[in-house]
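One structure is given below, encoded as structure tokens.
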Amino acid sequence: MTAASSARLILTRLHEVMASRAQPQRKLDQVVEIIGESLDSEVCSIYLLREGALELFATRGLNPDAVHVTRLAVGEGLVGTIAANVEMLNLAEAASHPDFAYRPETGEDRFHSFAGVPIIHRARAIGALVVQHADPRRYEDIEIEALQTTAMVLSELIAHAGLVDDEHALENDGGPRILPGLTLVKGLASGFAVFHQPRITIDQVVADDIEAERQRVYRAFDKMREQIEHMASQAEFGVGGEHDEVLETYKMFAYDEGWGRRINEAIDNGLTAEAAIERVQQRTRMRMRQIDDPLLADRMHDLEDLSNRLLRIVSGQLGTAATQGLRRDTILIARNLGPAELLEYDRRRLKGVVLQEGSLTAHVVIVARAMGVPVLGRCEGIMRQVSDGDELLLDADKGVVTLRPSQAMAEVFDTRFAKSRERQAAYAEMRDLEPVTRCGTRIQVMINAGLRDDISMLAMTGADGVGLFRTEFQFLVSATLPQRERQTRLYRDVLEAAGDKPVTFRTVDIGGDKAVPYLTSEALEREENPAMGWRALRLALDRGGLLKAQARSLLEASAGRSLNVMFPMVSEPWEFDAAKAVFEDQLAYLRTRRKQLPEAIRYGAMLEVPALAEVLEQLEGRLSFLSVGTNDLTQFLFAADRANPKLAERYDWLSPAILRFLDRIAKGLAGTQIDLGVCGEMGGRRLEALALLGIGYRRLSITPAAVGPIKELVRKVDLGELSAAMAEWLRRPPPSMRVALGEWAEARGIDSE
Ligand code: PEP
Ligand code: MG
């Protein structure tokens, strides 16, 4: 008999047992008989995790009285070691292993050889399957393989029958875990873990028709390779923030014959396609645990991603958690997310996001901030260590997430949460207080928005208006190009909701990491540097129809009111002129049609491209206002891709280079009619806002959550004193601007955070 056919025979017998109507305990009793017999082992036992310990549940060969009596802690004895390390053991002489713990009630002293494998469910050990033999011999690889396959079949039975501790109590080390990350959006949240790409449930483990399973895997591989080739040819691959490097690795694995072969072997042994993929994945995970090389471990993660993709294809369980809907308070877990993907989630249920990657100014983070959802990024290990449904406490203020918290941890968190709510409430009380400095200067504090619902934040925060309305959000959430009527409706709703507070609409900023498939198809020849590529106003001017439609929508929506419109990524003054001309043409057209026109129109530009700062004098008389987009500006000044997680923490907004640049802009425009402000994320952070005030910025458009804290800060500042200090620091920068400003603030009773 070949190895495969004997494995298949075991599986068939197991399958019969599993399919029978016997009680779970009876099934386990039969399983140990089948395995013991097939592997010619005197002993075969199953230990399962119950009430935190590994309990002997069934045995052939050990003293039957020990069943449900012998219990080992996780980490205790050989069985406990298998479960703790989620690793198999294969020993010719069990007693010589340092972790061996003799249990007299079992009568196992007669047996020398020992082999055991973990029973794994959702990447955690829920028990162990063990064989023992009187002769000292090591079990062969093929026997270990049979044990592992059996363990896999058992895991389904055990989990379904509820024989082990509730899933959430199952941790490798039995306890909670705290993982650090990088704060991307501050805030606290608690909820249950949901994977953006849900894990697959495997309904059938044993194959009915091996050839059919093989064909299913072939087809799935073909489809997966197709998807990857497609991704490689798409400019919007960048949407998910995934990188070429990942794509290359995907390709390498997708065409790796070894991987396909191992899956096929598992099918030969009698598993279904899904179970075979999972089985190989388990084996990879085990290997991964032994690898200390972070580079290789990263690669293994990519393989895991791909393996999940293959599982999704083969099982037909496609779609993200958003399409399945959130059922309770959720903390979303993902390797990375695109802004459009995040917007698909139900805002009432989505409480927080934890990303394995992510960076501070990536658009997904801006969207999350707009949604008021705290985000922790660069959280190493989150994908591995969390299970679907785990309870999580996200403290994005401190930059940590707690998995499966203990009672005490939850209590401490609740206290912090309550305090933070109190602080929010205190900031909310600032709503009606004006942001006036101690020296009497009125600062304009506005909000950045992008969704209709965001406008309610005006009333909640008492902000002066919307300094940046990102019109592209509507494009990002649509599957097709939003038609003019839909655009008009949104703009009208926004203006109505804002009442008499001003709203500055920014024309679409698409491209870069905000690719939309229906618009960027021309860029399908992938751009090398999308952030510096055909995006924002560049794309809008080349696709005249797009800007025309938007101009008409904005003009119509503002009938009888004032319209403030600004153009993103203006690099040279003529681009501003060309964009303005599109609006003026549409205005002329509406005039001929005798339509009601806006009462007033103010045109402005965003300063995001450093080149524009060199020609400030040419802007005079052309535009009414200028808004510095520090997110893009700093990525260009430092030549550091804002979406690249590796650069997320590298440069500081409070660097002399950036501050001197911003200072030069402020000085260049002083005394002109051009109204200057900042609308990047920088203005919403306290020390950064302080620096901006110190170099002469008087209008900040920021994330709504920051309005309270920034107003409070403004009211404590004396601008004369602050600008003198800033001028000195810019002339002779201290070793750390952040430290200097922080100390200055603290000395005046102003919190840095
Ligand atoms: C910016 O670049 O600073 C900005 C506000 O625009 P966005 O973040 O949408 O690119
Ligand atoms: Mg920008």
Next on the checklist: Whole-Hz ³J(HN,Hα) for each residue in segment 104-120, computed from phi via Karplus 6.51 cos²θ - 1.76 cosθ + 1.60 with θ = phi - 60°, x for glycine and proline: what do you get?
Outcome noted: x, 5, 8, x, 8, 5, 7, 9, 9, 7, 8, 9, x, 10, x, 9, 10
Next on the checklist: Can you list the DSSP H helices in the chain whose Cα atoms extend at least 27 Å along the helix axis and whose mean Kyte-Doolittle hydropathy is 0.0 or higher?
Outcome noted: 141-161
Item to check | Positive-end extreme of charge dipole, segment 3-165 - chosen from MET18, MET88, GLY75 (charges on Cβ) | outcome: MET18
Checklist entry - Summing +1 for each Lys or Arg and -1 for each Asp or Glu, what net charge is found among the other residues whose Cβ lies under 14 Å from the Cβ of ILE702? => result +3
Item to check | Rounded to the nearest 20 debye, dipole of the chain from Cβ charges on Lys, Arg, Asp, Glu | outcome: 3160
Item to check | Sequence-distant residues sharing a close amide H with ASP675 (under 5 Å, placed H) | outcome: PHE625, LEU626
Next on the checklist: Going by amide H atoms built from the backbone, whose H comes under 5 Å of the H on MET446, apart from near neighbours?
Outcome noted: ASP464, LEU700, SER701, ILE702
Checklist entry - Hey, how many Å between the Cα centroid of segment 385-461 and the Cα centroid of segment 180-206? => result 22
Checklist outcome for this item: Gyration tensor on Cα atoms of segment 3-165, a ≥ b ≥ c root eigenvalues, a/c under 1.5 rounded, else prolate if a/b beats b/c, else oblate, says rounded
Checklist outcome for this item: Sequence order, segment 67-73: Karplus ³J(HN,Hα) from phi using 6.51 cos²θ - 1.76 cosθ + 1.60, θ = phi - 60°, Hz rounded, Gly and Pro as x, gives 5, 6, 10, 5, 9, 10, 6
Item to check | Ranked ASP500, ASP395, ASP751, criterion: other C-beta atoms within 10 Å, fewest first | outcome: ASP500, ASP751, ASP395
Checklist outcome for this item: Of the candidates VAL194, SER41, ILE674, the farthest towards the positive dipole end of the chain (Lys/Arg Cβ +1, Asp/Glu Cβ -1, centred on the Cα centre) is ILE674
Checklist entry - Rg to Rh ratio, the chain, alpha-carbon atoms and Kirkwood radius? => result 1.07
Item to check | Fewest-first sequence of SER627, SER723 by Cβ atoms within 10 Å of each Cβ | outcome: SER723, SER627
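How would MET252, MET737 line up from fewest to most surrounding beta-carbon atoms within 10 angstrom?
Fewest to most other Cβ atoms nearby, the residues stand as MET252, MET737.
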Checklist entry - Mean residue ellipticity at 222 nm from the helices of the chain, using -39,500 (n - 2.57) per DSSP H segment of n ≥ 4 over the full residue count, to the nearest 500 deg cm²/dmol? => result -13500 deg cm²/dmol
Item to check | segment 650-717: GluC sites (Glu not before Pro) in DSSP loop, at most 12 other beta carbons within 10 Å | outcome: none
Checklist entry - Counting other Cβ atoms within 10 Å, which GluC sites (Glu not before Pro) in segment 89-168 have at most 13 and lie in a DSSP loop? => result GLU93, GLU140
Item to check | Within segment 3-165: Cβ-based charge dipole about Cα centre, in debye rounded to nearest 20 (Lys, Arg +1; Asp, Glu -1) | outcome: 500
Next on the checklist: What FRET efficiency comes out for SER5 versus SER456 if R0 is 60 angstrom and r is the Cβ-Cβ distance? Round to the nearest 0.05.
Outcome noted: 0.35
Item to check | Extension gain from ALA600 to GLU429, taking 0.36 nm per residue of separation minus the Cα-Cα distance | outcome: 58.2 nm
Next on the checklist: For the ranges 58-64, 274-280, 739-745, what's the packing order if you count other beta-carbon atoms within 10 Å of each residue, average per peptide, and put the highest first?
Outcome noted: 274-280, 58-64, 739-745
Item to check | Distance in nm between pseudo-label sites at ARG283 and PHE638 (7 Å out along the Cβ direction from Cα) | outcome: 4.5
Checklist outcome for this item: Taking 0.36 nm per residue of separation between ASP493 and TRP574 and subtracting their Cα-Cα distance, the length gained on full extension comes to 26.0 nm
Item to check | Simple spin-label estimate for LYS667 and GLU87 in nanometres, 7 Å along Cα-Cβ | outcome: 6.2
Checklist outcome for this item: Summing +1 per Lys or Arg and -1 per Asp or Glu among the other residues with Cβ less than 9 Å from ASN448's Cβ gives 0
Next on the checklist: How much length would be gained if the chain were fully extended between ALA161 and ALA410, taking 0.36 nm per residue of separation minus their Cα-Cα distance, in nm to one decimal?
Outcome noted: 86.7 nm
Item to check | Förster-model FRET efficiency, 22 Å R0, GLN215 and ARG261, C-beta, rounded to 0.05 | outcome: 0.85
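Values quoted throughout were computed directly from the atomic coordinates according to the rules given, and no laboratory measurement underlies them. Here the structure is a predicted model, which is why all the values come from computation and not from measurement. Positions of Cβ are backbone-derived with ideal geometry, glycine not excepted, and every protein chain shown enters the neighbour counts.
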